[in-house]
1. Of all residues in region 231-253, count the ones that are in contact with a helix residue (DSSP H, G or I) (Cβ under 6 Å, 6 or more places away or on another chain), within 15 Å of the ligand (Cβ to nearest atom) and hydrophobic (A, V, I, L, M, F, W, C).
2. When F80 is evaluated against the numbered criteria (1) within 30 Å of R198 (Cα to Cα); (2) in contact with a strand residue (DSSP E or B) (Cβ under 6 Å, 6 or more places away or on another chain), which criterion, by number, is the only one it fails?
3. Report whether or not V156 is surrounded by 15 or more Cβ atoms within 10 Å (Cβ to Cβ), more than 28 Å from M253 (Cα to Cα) and within 16 Å of the chain's Cα centre (by Cα).
4. Considering only region 110-124, state which residues are over 17 Å from I84 (Cβ atoms) and either of a type in the set (D, E) or not in a helix (DSSP H, G or I) (or both).
5. Do any helices (runs of 4 or more DSSP H) entirely within region 185-258 hold 1 or more residues that are hydroxyl-bearing (S, T, Y) and more than 23 Å from V36 (Cα to Cα), and if so, which?
6. Can you tell which of G211, G242 is under 15 Å from the mean Cα position of the chain (by Cα) and open to solvent by 10 Å² or more (accessible area, probe 1.4 Å)?
7. Scanning for something more than 16 Å from the ligand (Cβ to nearest atom), hydroxyl-bearing (S, T, Y) and without any contact (Cβ under 8 Å) to a residue 60 or more places away in the chain, does region 106-113 turn up at least one residue?
8. Report, ordered by the first and then the second residue, all pairs with beta carbons closer than 8 Å, sequence separation of six or more or different chains, a first member in region 223-250 that is closer than 12 Å to G8 by Cβ, and a second member that is open to solvent by less than 30 Å² (accessible area, probe 1.4 Å) and of a type in the set (D, E).
Amino acid sequence: MRKRMLAGNWKMNKLNGDLAAFFAAFGNAVTGDAAVAAAERVDVLFAVPYTLLAQAVVAAAPWGIRIAAQNLHADPSGAFTGEISIPMLKEAGVTASLIGHSERRQFFGETDATVARKTRAALEQGMLPIVCLGETLVEREAGQTEAVVKRQLAAVMEALPPGPVADAMVLAYEPVWAIGTGRSATSQQAEEVHHFLRSQLSTHLGAAAAGQMRILYGGSASPANIAELLAQPDIDGGLVGGASLKPDDFARMVLTAL
Ligand code: PEP
């Protein structure tokens, strides 16, 4: 049985001054038995901007919420101006990171190769990578969805360190055309790709590991559609942008995932 995960992605939003009110509002919405159930049944985390990481770790701790980075550099230190290493993130109390979000691929030149390298580094250093993949609208309309996600996944799989990884990493299928557009994939479209990814995982890692690894859906997930998405057999949670900025909306999604 895979434990569900709801991961918020705040992108380049919010300031440290917003944290206390956000987590108080979230905490007020998920209280009592629901809070106990949430802790047991759903992993909740927020990927926040670098400047918020250390304070967010403290602010989120009372609710058992983990804080993630939105990116990392594969090298532990060095002449990489503007970058952040895994030891730096760990020092701030961060235990997970998005890797290869489509906005990183689209606007900051991340390739399958850099995503693979970062994933390997994260696994080697005990940081949970949430590896994002997904097709653009042009690729979907050209019938290339499976070919694209197969290629993106294969790059990561071929770079894995030795040893079991099924519980140590998470995949996030995020069709680029659904991110921030208000146009979510239908639950059927999402399930088709999740199912395909799980079959690919089976080819790379074997059936047991493929059955264990969590695959999140991302792309305009909201309180309105999360129940239907989570009802699909291969969808294990959500990577949530816009709706994660609103504590009440995100809390409703967590309560739906219980
Ligand atoms: C995301 O940032 O990964 C995302 C899915 O954004 P949104 O939920 O706003 O589409």
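The values are calculated or read from the model by the stated rules, or taken from the named source; none is laboratory data. Remember, predicted model here, so these are calculated numbers, not experimental data. Here the Cβ is made from the backbone with ideal geometry for all residues, glycine too, and neighbour counts use every protein chain on show. When the accessible area is computed, the model is the full protein with side chains, heavy atoms only, and any ligands, DNA or RNA have been set aside. Shrake-Rupley method; radii C 1.70, N 1.55, O 1.52, S 1.80 Å.
1. Number of matching residues: 4.
2. The single condition F80 does not satisfy is (1).
3. Working: surrounded by 15 or more Cβ atoms within 10 Å (Cβ to Cβ): yes; more than 28 Å from M253 (Cα to Cα): yes; within 16 Å of the chain's Cα centre (by Cα): yes.
Yes.
4. T111, D112
5. Details: elements: 187-205, 207-212, 226-230, 247-257.
In region 185-258, the matching helices (runs of 4 or more DSSP H) lie at 187-205.
6. On the way: G211 fails: under 15 Å from the mean Cα position of the chain (by Cα).
Answer to the check: G242.
7. Restricting attention to region 106-113, the residues satisfying the condition of being more than 16 Å from the ligand (Cβ to nearest atom) are 109, 111-113.
Next, from what is left, pick out any that are hydroxyl-bearing (S, T, Y): 111.
Going one step further and asking which of them are without any contact (Cβ under 8 Å) to a residue 60 or more places away in the chain, we end up with 111.
Yes, the conditions are met somewhere in region 106-113.
8. As it stands, the answer is L239/E174, since those pairs meet every condition given.
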